[in-house]
1. Expressed as a whole number of Å, what is the distance separating the alpha-carbon centroids of region D:129-202 and region A:45-104?
2. Towards the positive end of the charge dipole of region D:90-209, with charges on Cβ (+1 Lys, Arg; -1 Asp, Glu), say which of D:V207, D:W115, D:P100 has the farthest Cα.
3. Which sequence of A:T180, A:T82, D:T9 reflects their accessible areas, 1.4 Å probe, from the largest down?
4. Give the relative contact order (percent, whole number) for chain A; include only Cα pairs under 8 Å separated by 6+ residues.
5. Just the number, please: percent antiparallel of the DSSP beta bridges in the protein assembly as shown, rounded to the nearest 5.
6. State, to one decimal in nm, how far the label point of A:E97 lies from the label point of C:E188, with both points 7 Å from Cα in the Cβ direction.
7. Starting from 0.36 nm per residue, how many nanometres of slack lie between D:V176 and D:A120 once their C-alpha separation is accounted for?
8. Roughly what % antiparallel, to the nearest 5, for the DSSP beta bridges in region D:1-156?
Number of protein chains: 4
Amino acid sequence: MATHHFTPTHYFNTIGSHPPVLHIAPGDTVITTTVDARGADASGQPITPRGNPMTGPFYVEGAEPGDTLIVYLDRLTPNRPTGWSRKVVAANVVDPEYVPGMPWPADESQALATWAINNAAGTATLIDPEDTRLGRLQLPLAPMVGCFGVAPAGGQAISTATSGPHGGNMDYRGFVAGVTVYFPVFVEGALFHIGDGHALQGDGEIVGTGIEISFDVQFTVDLRKGQRCFWPRGENNDYIFTVGNARPLDQATQHATTEMLRWLQEGYGLDPVGAHILMGQTVEYDLGNIYDPAYTMVCKIPKRVLP
Amino acid sequence: MATHHFTPTHYFNTIGSHPPVLHIAPGDTVITTTVDARGADASGQPITPRGNPMTGPFYVEGAEPGDTLIVYLDRLTPNRPTGWSRKVVAANVVDPEYVPGMPWPADESQALATWAINNAAGTATLIDPEDTRLGRLQLPLAPMVGCFGVAPAGGQAISTATSGPHGGNMDYRGFVAGVTVYFPVFVEGALFHIGDGHALQGDGEIVGTGIEISFDVQFTVDLRKGQRCFWPRGENNDYIFTVGNARPLDQATQHATTEMLRWLQEGYGLDPVGAHILMGQTVEYDLGNIYDPAYTMVCKIPKRVLP
Amino acid sequence: MATHHFTPTHYFNTIGSHPPVLHIAPGDTVITTTVDARGADASGQPITPRGNPMTGPFYVEGAEPGDTLIVYLDRLTPNRPTGWSRKVVAANVVDPEYVPGMPWPADESQALATWAINNAAGTATLIDPEDTRLGRLQLPLAPMVGCFGVAPAGGQAISTATSGPHGGNMDYRGFVAGVTVYFPVFVEGALFHIGDGHALQGDGEIVGTGIEISFDVQFTVDLRKGQRCFWPRGENNDYIFTVGNARPLDQATQHATTEMLRWLQEGYGLDPVGAHILMGQTVEYDLGNIYDPAYTMVCKIPKRVLP
Amino acid sequence: MATHHFTPTHYFNTIGSHPPVLHIAPGDTVITTTVDARGADASGQPITPRGNPMTGPFYVEGAEPGDTLIVYLDRLTPNRPTGWSRKVVAANVVDPEYVPGMPWPADESQALATWAINNAAGTATLIDPEDTRLGRLQLPLAPMVGCFGVAPAGGQAISTATSGPHGGNMDYRGFVAGVTVYFPVFVEGALFHIGDGHALQGDGEIVGTGIEISFDVQFTVDLRKGQRCFWPRGENNDYIFTVGNARPLDQATQHATTEMLRWLQEGYGLDPVGAHILMGQTVEYDLGNIYDPAYTMVCKIPKRVLP
């Protein structure tokens, strides 16, 4: 039950079987930091190439293929005073014939908005551009982790732009502090990676970003030996949930729904017909992201209806 | 501001330019009933062929193409003691390779579950099958209308199995009493149809039904002359929302998102960049249905962030 | 075996249970004309509202729900000297982020290209615009029918913009003279409609049109009593084929593939495993259209491998 | 212009920046072998783990990111007397509700068919199962390469189950001997991989395999320095073509179409409007695969209409 204070020295832009930066045991806690999607740290300066650079991987002692890695998201805190977002809804999220008339930025220097982050007040405030009718729009902070997961099977190294059964760039705003996440273990040590913090984000990450920012992060790991899951799962106070990552959304929904049917039967002892009837009338879905190469759909069942 | 008590004598299984059953004026209220998806009324007996039979159409005086029809859902109350649902998640909502192992009913007589409906207690209780581990699962009532809308353009008569810009079989569990809905008007009189009540439903209508039941219904209509919308819109106490109906979900999402961008600019005076920035960080999506020929995705903006 | 010379006096923009314009018997031949997608006839002048106006419907004596209507496309001949096409690939057919940079016309008056049609030479020649590097591009005529089919079930009237199990706006360039087409019969008399001729078209109808033109048409009908199909089917000298109409293409492909599996087993006596093995190694697919509300995918099996 | 005879000693199940097995120069020819999808070589015995094991990678001297690698497929010849295919159409290629009734094998040992391969006669003959109505179905050989490509960008190692801008498991039956293929270069040396030969295959690889077999392979490489492409391209005697890899098919089609629009303008000097008009009326599409995690659509333009 050790607590590790870990200061990253390098980052990865893929999730894969990279040399671990730290070995930890089930029950251990890690306190560390993450850079933002463009590789900028708490100073606001880029220190590593852009594209969701990952802190880690962390090698979890005893984790073997077929196990489930448990990650408790203990703390996710923006650690600098400003974050940024893109300004325009991504072209793939609107009707194709509506795209030509949208307010495309003249160039990349015009593409970003800047937000002031105030942890004490719990607010994000739009400070640039100044000339919209939103004025200094203030929104409540809701810090979440955009990209995290474990090394995939078969020697793959998967870009942190996308996601899959191993997790990755799911950009689901339900991944907040207090949530427990379950990942399938594909390689020895699981090799957990984490990064891409958002001060807050709308459903779908439809402008292609949340409010992107570096984080102070604390997480605790554990293992379920010999218990297999096929897709990331999670739970919070009110729900258990499963995560499907794929395109189109239809397929992401299929993955998440199937994983929940398995969980209700294997994890909660429901008979098949009972699981299906329960799902039919109580399921809820959240849209994780509809921007990344793989979209993310989340299938939720309220804990109050579980056996 | 008349109140009409209307007793249906026949029903339609398409939404189209059928002869109106009643002429009403903007501001008028209608108190009527709907049969369930299989055509059974408050007696529980089928009185008209199955397939979401519609009450109506109601001709709204003064409604012309290019206007917006406003429908206030005043009251939606199940009017008999039992409802039914299908038991098994639809094959299109799970991974294709998971389909063969699912608990398919031997025949149609085994396909349905029965629920006791108690309006006073506000509950739906599973009474058949009796042999699942759910036992007598009790869920809170949340009555909603599955299929409603206006006659489409160009002389089309669209099956009540599906949906489109005219509304139709959207099966969105947000269409509850207290909600205001906006439909584009395509023909003189708008020709409003309503039916397919659900005592409650999970997101996505993934077993192909909610708890299907006949309803006592009360609604009030109004007009926005010369104000055009392209897709159904709505609002409740907390949100404004837009509805996209299409397959795949990606396209339903595109329709709803585009319609919200239009609404924020035309209806709330936001500049284009402001509308996009606001959407990006505050949008929420609900999955209406992922079962019908056209899927339904709902795009929501919290009223608290609107100008 | 009568031959009917039919001169249309009015047209429909939906396919539905409209009053028939002519009663014909199985074995009869009809010689008639169709207007182009904008309602212009052999004179080049619009005579009816745009949107794929249909000639018909033709009532086929003895046709009942559950039968199959056979349509022999005997002759499809452009009957005026010029046709038109749209100039720019539709926004939904290219990468969303590529859309803003495309050569969108300033207005609708700039949207169309004009082609000279020479039946004797068998050519279509680009005559406007004159300033592209294509010059007077000359392509071989390959006349095909874009939209045809039978009245759908349940009193639906379906826009000629789209397609379904009843046929409709499939825009498949394999529907040329010499082809036999099979449609499911949903209503008494089948009610066959035909229109929307193209002098030629690329796969997918990706600019939203072929070379649109009015036609002289000759077709012959027949019936297969009591033999049911679920989707349009066809055959030419070399192939049998099935047609799936839906979005996305994935679902259109599923419909067409499933219909072919049924046909191989019910029509050609293959056992299930044999049908699947044969499909796996000999199937070919054609893309009908990827522009209309429902896309069209065609599943083909070479006649030389059939039992 | 050297010719290298290369005998593989190990194989990779991802396409990535693996240590090269051979350095070759532009203009060089390689004569080598590939194992089948399950890792069996010319002896029919598995010699490496299954999952499309790749021969290579081959380091092409001088290749740098931003170049285009040219691969001439000189010879693709099955090198053993039998190949195998799966028997049943994949669940994702048929209507979901049709899946439960399909002839699923009792277990994996029942899942495969065996085919005798005769290079001299140019035939593949079904020899097991023996009890279908196909009997000893004989089909013409049409050897093609299922999976080949170059190391992707950013340190990714992508499973040979799937495909992307780097190529990979495209399973397009147009990749036969005599075809020239173009790949974007993402890393120094390009790192070309090749494997997964099929004696023949239907469109779409709908049973999840072609007739899988080990190959004798000969290919020749060249470079286009400083000429960039975004997706694989190719040409044969009659067509130039571009390849899009993604799900759903709609997106694969978007990628391929966009790449062809670029090629027509940058490679053939067409003005934008000319490129669009030409595409609209002359484009053809082939379905590569509709089974793998990423589907493959091929966009073709006949050489006879090119400037």
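1. Each part's Cα centre sits 33 Å from the other's.
2. So the residue furthest toward the plus end is D:W115.
3. Largest to smallest exposure gives the sequence D:T9, A:T82, A:T180.
4. For chain A, the relative contact order is 24 percent.
5. That works out to approximately 90 percent antiparallel.
6. 3.9
7. So the chain would gain 18.4 nm between D:V176 and D:A120.
8. 70
The values are calculated or read from the model by the stated rules, or taken from the named source; none is laboratory data. Note that the structure is a prediction, hence the values are computed from the model and not measured. In this analysis, Cβ positions are derived from the backbone assuming ideal geometry, glycine residues included, and neighbour counts consider all displayed protein chains. Just so you know, the surface numbers come from the protein's heavy atoms only, side chains and all, with ligands and any DNA or RNA stripped out. Shrake-Rupley method; radii C 1.70, N 1.55, O 1.52, S 1.80 Å.
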